[in-house]
Amino acid sequence: VNRWAPRGFDDQGAHNLSELNLHMSEVMLRRTPETVPGELPDLIRCEVPLEGTDADHEGLDVSVDDQGRVTLTRNGLPAFDAMAKYRAELGRKKVKAVAEWVKDYVTDGNGDTRPLVVFTHHRDVAHSIAAALPEGWAVVATGDDPPDVRQGKVDQFAAPTGPPVFIGTTAATGTGMNGLHRRTTIVAFAEGEWSPADLDQAEGRIRRLGGVAGDAVAHYLLVKDSLEAHICSLIN
């Protein structure tokens with residue numbers, strides 16, 4: 001109890017955390033998709049080869065052993081400290097092809113549109129894809145937006161009359177954002193993440209209870225024989 005005026009409850013700070021942890025460990029129940037089969041929608045993953053990209057992957061020497069393990073040699077493979085630059089360049093070179101795929105998917109042929117969630121790794125790639133789509137089609141959310149603004153953009157997309165495409169960076173919108181599944185259970189990864197946990201979380205944005213469809217589908221848009229494509233296959 002706060003002894004100073006105005007009197008009331010003091011809810012600042014934390015005490016006896018070890019005791020709290022002990023009590024919590026006795027009552028918490030951790031539920032995962034694997035332990036509650038049938039409650040969450042089934043997840044279907046599709047690797048989609050992109051056409052019309054000018055991504056440069058020459059010199060990438062790939063071999064697969066008898067156990068299906070992929071080996072990448074250093075002939076043309078970027079050095080570790082150059083990997084971020086490689087990923088950024090590949091993402092930019094995929095923009096046009098990704099935008100064409102998105103337009104083909106969203107347009108159903110009857111004059112209507114099908115909603116779609118698109119995840120990218122880089123902010124500039126997210127904005128470039130949106131710029132390549134018809135005006136008013138996409139709402140973009142990245143780490144440049146405060147959390148409340150990001151959630152507002154999710155809600156804007158989730159509304160029945162919202163724009164048909166939500167584009168977000170995985171780091172900023174692939175975890176903790178709720179509501180995308182109320183509009184669609186289809187997601188496309190314009191740029192894949194190299195951590196299985198990050199992909200699981202991002203897929204979980206459209207694979208939730210109360211989704212608009214019985215199945216959730218994740219499309220991985222990949223350049224054939226690129227480093228990204230082989231890492232995606234390895235993760236899957």
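The values are calculated or read from the model by the stated rules, or taken from the named source; none is laboratory data. Remember, it's a predicted structure, so these values are computed and weren't measured experimentally. Please note: Cβ atoms are built from the backbone with ideal geometry, for glycine as well, and neighbour counts cover all protein chains shown. Side chains included, ligands, DNA and RNA excluded: accessible areas come from the protein's heavy atoms. Shrake-Rupley method; radii C 1.70, N 1.55, O 1.52, S 1.80 Å.
For the stretch 142-236, the solvent-accessible area works out to 38 Å² per residue, with a probe of 1.4 Å and every protein chain left in place.
Taking 0.36 nm per residue of separation and subtracting the current Cα-Cα distance, fully stretching the chain between VAL48 and THR35 would add 1.7 nm.
The mean sequence separation of alpha-carbon pairs under 8 Å and at least six residues apart, normalised by the residue count of the stretch 84-236, gives a relative contact order of 23 percent.
With Cα atoms defining each centre, the stretch 100-145 and the stretch 187-230 are spaced 15 Å apart in the structure. Highest average first, the peptides 91-97, 163-169 ordered by how many other beta carbon atoms sit within 10 Å of their residues are 163-169, 91-97.
Starting from the Cα-Cα distance between ALA159 and ALA197, subtract it from 0.36 nm times their residue separation and give me the gain in nm to one decimal.
That pair, ALA159 and ALA197, stretches by 10.8 nm at full extension.
Is the shape of the stretch 82-236 best called rounded, prolate or oblate, per the rule: a/c under 1.5 gives rounded, else a/b larger than b/c gives prolate, else oblate, with a ≥ b ≥ c the square roots of the Cα gyration tensor eigenvalues? Taking the square roots of the gyration eigenvalues as a ≥ b ≥ c, the stretch 82-236 is rounded. How would the stretch 117-207 be classified by its alpha-carbon gyration tensor: rounded, prolate or oblate, with rounded meaning a/c under 1.5 and the a/b versus b/c comparison settling the rest? Rounded.
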